[in-house]
Every structure is written in structure tokens, then in C-alpha cells.
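Just below is one structure, and these are the notes that go with it.
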Amino acid sequence: MADKPAIPHLLSLQDLSEQEVDDLLDLSVRIKRRAGAFQLAGRTVGLLFFRPSLRTRASFEAAVHQLGGQTIHLTASSDFWELESAEGAVMDGRAPEHVKDAARVLSRYVSALAIRPALTGQSWAADRRDASIRAWAAFALVPVINMESALWHPLQALADIMTLRETLGDLRGKTLSVVWTHSPQPASHSVVHSLLLASLRAGMRVRVAHPSGYELDEQVLSEARAVADKKGGALETGLAAKEAVRGAHVVYARSWSSLEDYANPTLAASRRARTQGWTVDENLLKLGSDARLMHAGPVRRNLEVTDEVLDGPRSLVYEQAENRLHSQKALLARLLRA
């Protein structure tokens, strides 16, 4: 039997070369300016959500429809059953179907599959493997696009770099400050992980501020340090907020959970209760070099970021959200050769 042909999946932005990322960003700008025609007429994209979504679902559906394609939207909580992903599993549990079969069947109906996989929340060591999205990619016969796994959010990173380029021009040598923010329901680590590697590949200097106990994934940090050394950038972590923001060109606010307490909500809540004052306000932002504010959303106003900053002239949160639409159109055009 012949080997299955290589399929251009996008599980993380590192799946693309630097030139491919540059080309995608250039195409994103042209699409935003409505320069050039790209069509997905006759193409259908399957959207599978195992977790809730607002911006990702809306922007992806809009991207497909505006290019003339159609979407099939499926939500795990209401539209289908649990799926088994372990290879060789004896399926005598809750899941009546294997990802292998679901992926191969859906591949007959759609031109691509965009998936936001479920997280177990029981073990970071298990969740960080992104086993579910990788299983879909292994068995699908069409491109699989990661709409946010435990470890990566390539779609957000693509829009973030597009926004940074629009704002700062050449990113080499520019300083990005990523500031942890307090939230009773912290976001996943995927946005920050993807942002770190994407910005360092662009030659930026990145500073990460967070309280003790909120260190990012060590393997991701190790990869990020290697990228910084290769590209002439710099990475500093574990800083105080003021130290990270001073002289920065962009402040990226984001909550994330402690990996030390990943499977223990009681300890996690106790740790969060001891971390007060991590809010991006005007006094913090003005320490930067005419610093702009970015946040992937959703954002808890006056807890993560103050109204004054979010609604102020240096906030990029809406431009950032809009760029999800344009960059995802570019990605679809490239993956599906529109």
C-alpha cells in the first residue's frame, strides 16, 4: 500500500518555515487591503469544538464564508459523542468511536478540518503532548488546523505577529513585554507559548513578568532560548511587571495558570489569592516606550487591564482581533491553494 501523501497540517506555527510565515503575513496584509482575489468556492471546512470559543469560531467561520466557502460546525457537547484517541485501545468505555474513524470519514466530506481539542486538566505532562490534535492529524486525509491546544495557538500567534508588524514595522530589536495578569479563571498557556516563539523568530527582545510559581513550560522556554540565541533576540523570564515593561514597545497582558497546581484547583485558587496587584493600568503602561497594549481576549476589565488602558488610544485589542480574520483567510488560501 502506498504511503499517505504529506498533508500540510498546522499544529503549531513552528510547522511553517520563517519564509512561509513571512509570505503568509504579506498575504494577510494584501487580503486586508482587499488586494487580490482568493476564493474557496466549492470548498467546505469542518470546525470541531471540544471547548467553547467566541473569537476563533466567529473569525474562522467569517473567513471561510467571505472567501466563498462553507463551514460545517460541530460542538462536542451537543453535536457528537466522545471520541477515543489512544491507538490500540479496547473501546469498552464511554467513547463509541475512534478518532481514526471520525477523521477518515470527515475527510470525505470537507477540504480541511479546524479543531479545538479538549484538555483533560488532570496532568500537564499528559495535556502538553497534544495527543488529541496529533491523532486527528495522523489520520485525517485533509489539512488539520489547530484552533488552540494545551501547548499551542498558532492562529492567535499569526494574528499577533501581523499586529506587531503593522504597529512597529521591522520587529528586530523591538521589545515585547508579556505580563501575567490575575484572573479567577486563568487562560491556557498556549497563547503565550506561541507568542514567545513567533516573536523571538522575528528577532524581538521578549521579557516575561509573572509571580513566583507561574513559570511557563520548561521545554517551550528551552526552545525559545535557542531561538533567541539564533535570531539575535533575547528572552528574560520571571521578572517583576515594572521591570519587564520599562522601555518596552508593546505590553501583552495575559493570564495563565500555575503548572505546579495544574490538576489541583484548590491549591491553584489559594496561590492566585496570594497574587494581588497584577493589573495592567496606565501607570504601568507609561513605563514603556510609547507602549501599546495587546490582549488576546476575553479580558476581565479592571482586573486584568483597566478600562482606561483598554479603551485608550494605545490599545490594539480590536485591531488584534480583526487580524484573526485576515490572517486566517491567508492561511486557508495557502493550505487549500485558493
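Test of understanding: among L67, L40, L74, L48, which residue is within 23 Å of P298 (Cβ to Cβ), at pLDDT below 95 and assigned by TED's automatic domain parsing to the domain that holds A140?
Selected residue: L74, the only one of L67, L40, L74, L48 that is within 23 Å of P298 (Cβ to Cβ), at pLDDT below 95 and assigned by TED's automatic domain parsing to the domain that holds A140.
Give the residue, chosen from E243, E218, E260, that is charged (D, E, K, R), over 23 Å from E166 (Cα atoms) and under 21 Å from the mean Cα position of the chain (by Cα).
On inspection, the qualifying residue turns out to be E218.
Name every residue in segment 315-338 that is touching a Gly at 6+ places or on another chain (Cβ under 9 Å) and outside any helix (DSSP H, G or I), in order of residue number.
The answer is L336, A338.
Of all residues in segment 287-338, which are under 17 Å from W180 (Cα atoms) and under 18 Å from the mean Cα position of the chain (by Cα)?
Within segment 287-338, L293, M294, H295, A296, G297, P298, V299, V317 meet the criteria.
For residues that are farther than 15 Å from P117 by Cα and crowded, with 21+ Cβ neighbours inside 10 Å, tally how many sit in segment 46-65.
4
Go through segment 79-127 and report how many residues are hydroxyl-bearing (S, T, Y) and under 30 Å from R334 (Cα atoms).
Number of matching residues: 4.
Looking only at segment 250-282, which residues are of a type in the set (D, E, K, R) and either crowded, with 18+ Cβ neighbours inside 10 Å or part of a strand (DSSP E or B) (or both)?
Matches in segment 250-282: R254, D261, R271, R272.
All but one of (1) over 26 Å from T120 (Cβ atoms); (2) in the same structural domain as V110 (by TED's automatic domain parsing) hold for V144; state the number of the condition that does not hold.
Only one criterion in (1) over 26 Å from T120 (Cβ atoms); (2) in the same structural domain as V110 (by TED's automatic domain parsing) is unmet by V144, namely (1).
Condition check: of a type in the set (S, T, Y), in contact with a strand residue (DSSP E or B) (Cβ under 9 Å, 6 or more places away or on another chain) and assigned by TED's automatic domain parsing to the domain that holds T167. Does S270 satisfy that? Don't jump to the end; show me each part of the working.
On the way: of a type in the set (S, T, Y): yes; in contact with a strand residue (DSSP E or B) (Cβ under 9 Å, 6 or more places away or on another chain): no; assigned by TED's automatic domain parsing to the domain that holds T167: yes.
When the stated conditions are applied, S270 does not pass them.
Within segment 189-199, is there a residue that is in a helix (DSSP H, G or I), at pLDDT 95 or above, farther than 30 Å from L267 by Cα and among the hydrophobic types (A, V, I, L, M, F, W, C)? Break it down into steps so the answer makes sense when it comes.
In the first step, residues of segment 189-199 are kept if they are in a helix (DSSP H, G or I); the result is 190-199.
From what is left, the residues that are at pLDDT 95 or above are 190-199.
Narrowing the set further to residues that are farther than 30 Å from L267 by Cα leaves 198-199.
Remaining after also requiring among the hydrophobic types (A, V, I, L, M, F, W, C): 198.
Yes, because at least one residue in segment 189-199 is in a helix (DSSP H, G or I), at pLDDT 95 or above, farther than 30 Å from L267 by Cα and among the hydrophobic types (A, V, I, L, M, F, W, C).
Residues that are in contact with an Asp or Glu (Cβ under 7 Å, 6 or more places away or on another chain), polar (S, T, N, Q) and buried (at least 20 other Cβ atoms within 10 Å of the Cβ): find the strands (runs of 3 or more DSSP E) completely inside segment 109-185 holding 2 or more of those.
Correct list: empty, since no element meets the threshold.
Does S199 meet the test of being touching a strand residue (DSSP E or B) at 6+ places or on another chain (Cβ under 6 Å) and crowded, with 21+ Cβ neighbours inside 10 Å?
yes
Tally up the residues in segment 54-75 that are under 20 Å from the mean Cα position of the chain (by Cα) and assigned to a loop (DSSP other than H, G, I, E, B), please.
Qualifying residue count, segment 54-75: 1.
S28 versus (1) touching a strand residue (DSSP E or B) at 6+ places or on another chain (Cβ under 6 Å); (2) surrounded by 20 or more Cβ atoms within 10 Å (Cβ to Cβ); (3) over 17 Å from H153 (Cα atoms): which is the lone unmet condition?
Result: S28 passes all but (1).
The values are calculated or read from the model by the stated rules, or taken from the named source; none is laboratory data. Just so it is clear, the structure is predicted and the values come from calculations on it, not from any experiment. For neighbour counting, all protein chains shown are included, and Cβ atoms are generated from backbone atoms with ideal geometry for every residue, glycine included.
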